[in-house]
Amino acid sequence: MVDGVCTNSTPYTQWLTEYVQTLHHTHNGSWSMYKIYTIHAMVDGVCTISTPYTQWLMERFKMQLYDKQEISRSLMLESENGCLMPAMKVFSESIKYLKTHLENHIKSKTLCIKPHEIDWVLTIPAIWTDPAKQFMREAGNIAGIPNSRLILALEPEAASIYCKNLPVDRIVCPDGKSVLEVFSPGTKYLILDAGGGTIDITVQEIKPDGNIKQIYMANGGDWGGVKVDQAFEEFLTDIVGMETMEEFRKEDKEEYLSLCREFEMKKRDIRPAGKARFTIRIPVILSERLRDVKGMSLEDISSSNKSIVWVGDKLRLDSKLLNPSLLRLPDK
């Protein structure tokens with residue numbers, strides 16, 4: 001639950017707001033000086049800062065560490081509007097935001113928990129390289145978490161431990177076995193962690209002492225839910241046109257993010273043998289952008305295509321249009 005909105009996962013999108021005092025770009029492509037004036041984590045809700053502030057939107061930056069055999073501490077990330085920002089600053093400030101949020105929540109509940117009594121756990125994909133893991137650890141240190149209180153946990157292992165400790169009545173396997181029988185010593189099982197950015201596949205075994213041992217090297221790739229999001233955006237672009245979509249993405253960022261969040265929730269309902277229609281709310285401004293660019297509306301497009309129906313601010317699609325092959329999703 002974030003800002004009153006139920007979210008199954010937390011999008012790693014961040015608004016970086018900078019008050020530009022001294023910002024110099026040197027000839028070798030590095031920033032010689034910058035100052036972060038304030039920072040806001042954009043999960044849900046609207047970030048509104050008036051001039052002279054400049055907003056930098058960093059989306060899905062966690063994937064920048066995927067499949068990197070070497071990671072420079074001067075690695076730069078590019079924002080949606082083309083600005084560059086040190087990757088270490090983006091990661092460390094994100095972790096710092098979460099850390100501060102929890103600490104403030106603890107204070108608001110008048111709980112007597114001291115900083116040295118908290119162990120912080122950062123979960124990471126199992127297929128990340130050692131340099132990526134080290135980069136994340138350093139980001140945690142810069143965020144104010146000492147090494148002695150910081151644990152990096154592989155996401156499949158964290159999921160396995162969570163399932164292992166669920167109450168018996170919450171897990172019933174297809175063969176009727178209970179969770180205690182499934183996780184008995186000597187049991188070997190496969191964990192498929194289908195996340196937003198990556199999919200991790202590992203094989204684990206329960207040791208006699210109840211601990212978990214990985215018996216097969218983690219495998220996987222960048223085939224997570226983001227691929228579905230990208231495919232849907234491409235599908236929508238095919239409907240309204242590249243120019244319209246670019247204008248919408250660039251000029252109506254809040255509405256664009258709202259659409260992304262809407263699809264993030266709706267896509268979980270897509271099933272091969274599900275409902276005949278898939279309905280999603282589309283910001284009205286997109287139809288207005290389409291009219292400005294092409295002189296037509298979404299209603300005009302839907303009138304010539306029976307598989308697409310536009311009613312009010314709702315777009316209703318024939319579920320067959322969301323077939324993985326038609327969305328050009330990777331076949332893995």
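The values are calculated or read from the model by the stated rules, or taken from the named source; none is laboratory data. Bear in mind that the values here come from a model prediction, so they are computed numbers and not experimental data. Note: ideal-geometry Cβ built from the backbone for every residue, glycine included; neighbour counts use all protein chains shown.
Taken as a whole, the structure leaves G210 outside the set of residues that are of a type outside the set (F, W, Y) and surrounded by 17 or more Cβ atoms within 10 Å (Cβ to Cβ). Within the stretch 116-127, no residue that is touching a residue at least 40 places away in the same chain (Cβ under 8 Å) sits with its Cβ atom under 7 Å from a residue that is among the small types (G, A, S) and assigned to a helix (DSSP H, G or I) at 6+ positions apart or across chains. Within the stretch 148-192, the set of residues being more than 22 Å from P208 (Cβ to Cβ), charged (D, E, K, R) and modelled with pLDDT of 85 or more comprises R149, E155. Restricting attention to the stretch 279-307, the residues that are at pLDDT below 80, within 18 Å of F232 (Cα to Cα) and outside any loop (DSSP other than H, G, I, E, B) add up to 3. Residue count for the stretch 234-253 under the criterion of being surrounded by fewer than 16 Cβ atoms within 10 Å (Cβ to Cβ), at pLDDT below 90 and in contact with a helix residue (DSSP H, G or I) (Cβ under 8 Å, 6 or more places away or on another chain): the result is 2. All conditions in (1) assigned to a loop (DSSP other than H, G, I, E, B); (2) at pLDDT below 80 hold for W223, with the sole exception of (2). The selection criterion, being out of contact with any His (no Cβ under 9 Å at 6 or more places or on another chain), under 30 Å from W310 (Cβ atoms) and polar (S, T, N, Q), does not hold for T202. Of the residues making up the stretch 254-267, just one is among the charged types (D, E, K, R), closer than 13 Å to I285 by Cα and either surrounded by 16 or more Cβ atoms within 10 Å (Cβ to Cβ) or at pLDDT 90 or above (or both), namely E255.
Of the residues that sit in the stretch 223-269 and are β-branched (V, I, T) and within 17 Å of the chain's Cα centre (by Cα), which one is nearest to K314 (Cα to Cα)?
V228
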